[in-house]
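Input: a single structure, listed below in structure tokens.
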Amino acid sequence: MPYFDAASSLPLHPVARQALLAALDEGWADPARLHREGRRARLLLDAAREAAAEAVGCRPDELVFTPSGTRSLHTGIAGALAGRRRAGRALVVSAVEHSAVLHAAGAHEAGGGTVVRVPVDRTGRVDAAAFGAALRESGSPEGGTALACLQSANHEVGTEQPVEEVAGACADAGVPLLVDAAQSLAWGPVPGRWSLLAASAHKWGGPGGVGLLAVRKGARFAPPAPADERESGRSPGFADLPAIVAAAASLRAVRAGADTEAARLRALVDRVRAEVPALVPDVEVVGDPVRRLPHVVTFSCLYVDGEALLHALDRTGFSVSSGSSCTSGTLTPSHVLRAMGVLSEGNVRVSLPPGTAETDVDAFLAVLPEAVREVRDGLRAPSSAPAGRAGAGGGQGGGGEGEGNGGPKAAAPGREAALTVDSRGKRCPIPVIELAKVIDRVPVGGTVLLLADDEAARLDVPAWCEMRGHEYLGVRGHTYRVRRTA
């Protein structure tokens, strides 16, 4: 069964499994003790630290192991903010950071700090100049910047961030930069003059429950209390030494073949990016087409419920993930898609694990069109049509669920020809489907008023207009105005 969710987690790497089993026998003692068992454990811990530090590109005494990537991020942010409290209380982050960073930013804000969120373009990439401009000089009237955070590559769409340029701007401004390298560390070190770095072992085939936190010399850092003597006071508690050894061993192993595997997977992803829009009508491939992780491709399918599509693909044997709101049980699409301003309906992230066979990609491309068609048919979505004719295929079905008390209503005589569709209380893609079914009932230049209270509509209605060739006139409250232009 092809597993295409490598960006979430990977199965245990064979090297990690071997190292884990060996360390269970040799590394069970307390590495802080001076007896022979403790010394043996300490040698294993030191060797793991050196291997991980070499992969990260830092000194061994700058790196500590934590219980998770999330803990690394939380500790790194809290420690850097505390260490630089005299410089200011502003925290600068991109709008598409991992939720662990955004949760830490929210806690900082709730405690009286300031958070500056730098927007991204439609590919999910920040502008390095804009990020640099968001940094405040220490001593400014509004307070200086204590810390900046930027992921090396996005976890949902694969877009790589301009870390090297941003790190240079931060260094010039005297602001430390924390890099979330969870998605990219397996492929190579993070370039630039960053100050802190966090990563998670299960992203590269290490055991779950192991994170890395690097704090370079010169970065002011105050470990969150309470601390103890282990891991430089930055990760208290007894370390899971066998898991740490396995994490370091697997990181070294995957990095040894990273360049070759990256080139192979990039070619497979290029195929998916090119062929999915050709095989499936009304699809938007999102993320940067060039500056991206080699193994990740994300696309969104118009008129598709994301959860239903994931289940349909799972039934065919493919495990993928999604950023659609309907897959998370909320009315809000992922903060990444929202920040990018792209279509969120039927969102699918395909992230290929190392070793993925070309035949598996062939099989995925073969089953995807039928899976999408099945979901669209279940929702009574309109048939695919040229831009500006989105409602033609579904006209005989009337307004679908929009008919009756909440169905289309003609505008009063003498006013601009208009219809009103009440889709409140319905989750996307239903509101967009109802919009598509009635757009051809108004003359060219006429307007459809769509009432929808699902937050996903704020992304999907403008995206539908762009894809189908109609004019999006904006939203006021829960009322969306769309003008038929073709």
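The values are calculated or read from the model by the stated rules, or taken from the named source; none is laboratory data. Here the structure is a predicted model, which is why all the values come from computation and not from measurement. Glycine gets a Cβ as well: all are built from the backbone with ideal geometry, and neighbour counts include every protein chain shown. Calculation scope for accessible area: heavy atoms of the full protein, side chains included, ligands and nucleic acids excluded. Shrake-Rupley method; radii C 1.70, N 1.55, O 1.52, S 1.80 Å.
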Next on the checklist: Among the residues that make up segment 129-149, is at least one of them open to solvent by less than 30 Å² (accessible area, probe 1.4 Å), more than 20 Å from Leu91 (Cα to Cα) and part of a loop (DSSP other than H, G, I, E, B)?
Outcome noted: no
Checklist entry - Within segment 126-146, which residues are at pLDDT 95 or above and of a type in the set (Asp, Glu)? => result Asp127
Next on the checklist: Conditions first: (1) within 19 Å of the chain's Cα centre (by Cα); (2) β-branched (Val, Ile, Thr); (3) part of a loop (DSSP other than H, G, I, E, B). Val179 passes all but one, so which condition is the exception?
Outcome noted: (3)
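Each row is one residue, and each column tells you yes or no for (1) open to solvent by 10 Å² or more (accessible area, probe 1.4 Å); (2) touching a Leu at 6+ places or on another chain (Cβ under 9 Å); (3) among the small types (Gly, Ala, Ser); (4) modelled with pLDDT of 95 or more.
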residue	(1), (2), (3), (4)
Arg315	yes, no, no, yes
Val320	yes, yes, no, yes
Thr332	yes, no, no, no
Glu345	no, yes, no, no
Ala371	no, yes, yes, yes
Gly395	yes, no, yes, no
Item to check | Flag if Leu279 is aliphatic (A, V, I, L, M) and either at pLDDT below 95 or crowded, with 21+ Cβ neighbours inside 10 Å (or both) | outcome: no
Item to check | Residue count, segment 10-49 (criterion: over 30 Å from the mean Cα position of the chain (by Cα) and either open to solvent by 50 Å² or more (accessible area, probe 1.4 Å) or touching a residue at least 12 places away in the same chain (Cβ under 8 Å) (or both)) | outcome: 27
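Looking only at segment 98-109, decide whether some residue is assigned to a loop (DSSP other than H, G, I, E, B) and within 30 Å of Asn347 (Cβ to Cβ). Spell out the reasoning first.
Keep residues of segment 98-109 that are assigned to a loop (DSSP other than H, G, I, E, B), which gives 98.
Imposing the further condition that a residue be within 30 Å of Asn347 (Cβ to Cβ) reduces the set to 98.
Yes: segment 98-109 contains one or more residues that are assigned to a loop (DSSP other than H, G, I, E, B) and within 30 Å of Asn347 (Cβ to Cβ).
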Item to check | Count of residues meeting criterion [under 16 Å from Gly237 (Cα atoms) and assigned to a loop (DSSP other than H, G, I, E, B)] in segment 28-42 | outcome: 6
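Take Glu156 and tell me if it is acidic (Asp, Glu), surrounded by 24 or more Cβ atoms within 10 Å (Cβ to Cβ) and in contact with a helix residue (DSSP H, G or I) (Cβ under 9 Å, 6 or more places away or on another chain).
Numbers: acidic (Asp, Glu): yes; surrounded by 24 or more Cβ atoms within 10 Å (Cβ to Cβ): yes; in contact with a helix residue (DSSP H, G or I) (Cβ under 9 Å, 6 or more places away or on another chain): yes.
Judged against the criteria, Glu156 is a match.
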Checklist outcome for this item: Of the residues in segment 189-234, those that are within 19 Å of Leu44 (Cβ to Cβ), open to solvent by 10 Å² or more (accessible area, probe 1.4 Å) and within 28 Å of the chain's Cα centre (by Cα) come to Pro207, Gly209
Item to check | Test: Leu73 is closer than 30 Å to His335 by Cα, in contact (Cβ under 8 Å) with a residue 24 or more places away in the chain and surrounded by 15 or more Cβ atoms within 10 Å (Cβ to Cβ) | outcome: yes
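Among the strands (runs of 3 or more DSSP E) lying completely within segment 203-301, list those that include at least 1 residues that are within 20 Å of Gln151 (Cβ to Cβ) and touching a Phe, Trp or Tyr at 6+ places or on another chain (Cβ under 7 Å).
Because the criterion is at least 1 residues that are within 20 Å of Gln151 (Cβ to Cβ) and touching a Phe, Trp or Tyr at 6+ places or on another chain (Cβ under 7 Å), the strands (runs of 3 or more DSSP E) in segment 203-301 that meet it are 211-215, 283-286.
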Checklist entry - Within segment 424-448, can you find the residues that are open to solvent by 50 Å² or more (accessible area, probe 1.4 Å) and in a loop (DSSP other than H, G, I, E, B)? => result Arg424, Gly425, Arg427, Pro443, Val444
Checklist entry - Looking only at segment 448-469, which residues are over 28 Å from the mean Cα position of the chain (by Cα) and at pLDDT 95 or above? => result Val448, Leu449, Leu450, Leu451
Checklist entry - Of all residues in segment 110-128, how many are crowded, with 16+ Cβ neighbours inside 10 Å and part of a helix (DSSP H, G or I)? => result 1
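Take segment 50-97 and flag every residue that is among the β-branched types (Val, Ile, Thr) and not in a helix (DSSP H, G or I). Give the steps one after another, and end with the answer.
Our first condition is that a residue be among the β-branched types (Val, Ile, Thr); within segment 50-97, this holds for 56, 64, 66, 70, 75, 77, 92-93, 96.
If the condition is that a residue be among the β-branched types (Val, Ile, Thr) and not in a helix (DSSP H, G or I), then Val64, Thr66, Val92, Val93, Val96 are the ones that fit.
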Checklist entry - Could you say whether any residue in segment 453-467 is of a type in the set (Gly, Ala, Ser), touching a residue at least 60 places away in the same chain (Cβ under 8 Å), in a loop (DSSP other than H, G, I, E, B) and touching a helix residue (DSSP H, G or I) at 6+ places or on another chain (Cβ under 7 Å)? => result yes
